[in-house]
Amino acid sequence: MIENKELLILLLAGISAILVSFFTTPLFIKIAFARGILDQPTTLKNHRVPTPYLGGVAVYSSFLIILALFFPTYWNLSLFLIGASLLLLVGLVDDLVPLSVFYKFWGQIIAALCFIKGGFSLKQEFLGLFTLYPFMPLLLIFISFFWILTVINAFNLVDIMDGLATTCALGVLAGFLVFSFYYSVYSVSLLVTICMGALVGFLYFNKTPAKIYLGDAGSLFIGGIIATIPFMIPWGIHTHFGFLTPVIVMGVPLMEVLSLIVIRTAKGIPFYVGSPNHFAHYLLTKKWSKTKILIFISLINSFLIAIAFLFNTGYISLFYACICLSALLVAWCATLYVKNTQFFTQKK
């Protein structure tokens, strides 16, 4: 049970992060314009005028300032911060001088190794009563490594519209905050609250029409944080399959990755090459407004959090959770792809 004093600290940290982010983001907008660090409109993007990058640096700065003020010094986050900072640096370099997929991926691999070296990986307590065989520790490291890289790239892929990656991140973090409260993991609650506050303050400038974008620096950095947070929560207390809970909470970005792989492969496009096949693109072709898309994603995130909570706490079984998620997937595909000629057009 999180104590009243800790709740007060969480409240103060969250409000402080919002204020710092809100008042520092305009500074980075000015710097971006002054230095020409702008995202130019292309056929794959949905803005009409050059828009400043450096949003990721604004969020990172706010997050780091409030973390330094509120996070106890005896909690060692050195490798966590090194990995997150490396992702920010790789993304920032890519924003300034576009990197090849090879270099970006190697930067992500090094960051993932930092996270795992820091203890952020799948552990026995996440697996409930499952027994670890001699080869299992290596398997758990591999799964953790794959998960981190997948989530990092999921947020990088979803960042293609005003406020979209920020809204998705806030939805996922809200889910993790619910579970950190439920399991009374105060350190995780504080970390998540600070990150959410930094994103909320930034969202005011990132919502449509966006005055600043996260850029690769922001999407990679946020993806790294969100990828590692699940390794701090004991998911397997109430159900053997509790370790699947973060997958449910992360439903929207993971569906984006899966759909892009399927659609680009069907069209003969390498899955890592950009194309107008993101779910936001399909909704825009159906004349949805950007605000309506953000509300739609927020509602899906709320549904996923509810299903994840009922599943993790034992109110519904894995079977019924799968039924609910299958129904959501069908509704997702019907909303995006039915009567959408762009989906069926082959481009090889």
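For the pair Leu96 and Ile237, what calculated FRET efficiency results from E = 1/(1 + (r/R0)^6), where r is the Cβ-Cβ distance and R0 = 41 Å, to the nearest 0.05?
Numbers: r = 45 Å, r/R0 = 1.10.
The calculated FRET efficiency here is 0.35.
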Q | Gaussian network model of the chain, springs between alpha carbon atoms under 10 Å - residue of Ala174, Ala32, Ala327 with greatest fluctuation | A | Ala327
Q) Dipole of the chain (Lys/Arg Cβ +1, Asp/Glu Cβ -1, origin at the Cα centre): which of Val188, Ile305, Gly14 lies farthest to the positive side? A) Ile305
**Q.** Residues with amide H under 5 Å from that of Asp39, placed H, sequence gap 5 or more
**A.** Thr51, Tyr53
Q.
Using Cα springs under 10 Å in a Gaussian network model of the chain, which residue among Asp94, Asp216, Asp162 shows the largest mean-square fluctuation?
A. Asp94
Q: In nm, give the distance between the simple-model label positions of Ile31 and Lys211, each being 7 Å from the Cα along the Cα-to-Cβ direction.
A: 1.7
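Would you mind estimating how fast the chain diffuses translationally, via Stokes-Einstein at 4 °C and 1.567 mPa s with the Kirkwood radius over Cα pairs, in µm²/s? Please list the in-between numbers first.
Values: Rh = 20.7 Å.
Rounded to a whole number, D works out at 63 µm²/s.
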(Q) Explain nothing, just the number: dipole magnitude of the chain about its Cα centre with +1 on each Lys and Arg Cβ and -1 on each Asp and Glu Cβ, in debye rounded to the nearest 20. (A) 1060
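What full-extension length gain, to one decimal in nm, is calculated for Lys339 and Trp75 as 0.36 nm per residue of separation minus the Cα-Cα distance? Don't skip to the end; give the middle numbers.
Numbers: separation 264, 0.36 × 264 = 95.04 nm, distance 5.26 nm.
This chain segment gains 89.8 nm when fully extended.
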Q | Label-point separation in nm, Lys123 to Ala174, each point 7 Å along Cα→Cβ | A | 2.9
Q: Considering Cα pairs under 8 angstrom that are at least six residues apart, work out the relative contact order of the chain and quote it in whole percent.
A: 24
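How far, in nm, would the chain grow between Ala68 and Ile82 when pulled straight, counting 0.36 nm per residue and subtracting the alpha carbon separation? Let's see the in-between values first.
Numbers: separation 14, 0.36 × 14 = 5.04 nm, distance 1.43 nm.
Gain in length upon complete extension: 3.6 nm.
What's the extension gain from Ser187 to Leu138 if we count 0.36 nm per residue and subtract their Cα-Cα distance?
14.9 nm
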Q: Mind giving me the FRET efficiency for Lys286 and Ile109? R0 is 35 Å, r the Cβ-Cβ distance, nearest 0.05 is fine.
A: 0.40
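Which order do the peptides 250-257, 33-40, 143-150 take when ranked by the mean count of other beta-carbon atoms within 10 Å per residue, highest first? Walk me through the intermediate numbers first.
Values: 250-257: 22.1, 33-40: 13.6, 143-150: 18.0.
Answer by packing, highest mean first, reads 250-257, 143-150, 33-40.
Kindly state, to the nearest 0.05, the FRET efficiency for Leu89 paired with Leu19, given R0 = 25 Å and r defined as their beta-carbon distance. Display every interim value, and only then the final one.
Working: r = 26 Å, r/R0 = 1.04.
According to the calculation, E is roughly 0.45.
FYI, it's all coordinate maths here, none of it is from the lab. Note that the structure is predicted; figures quoted are calculated from it, not measured. Positions of Cβ are backbone-derived with ideal geometry, glycine not excepted, and every protein chain shown enters the neighbour counts.
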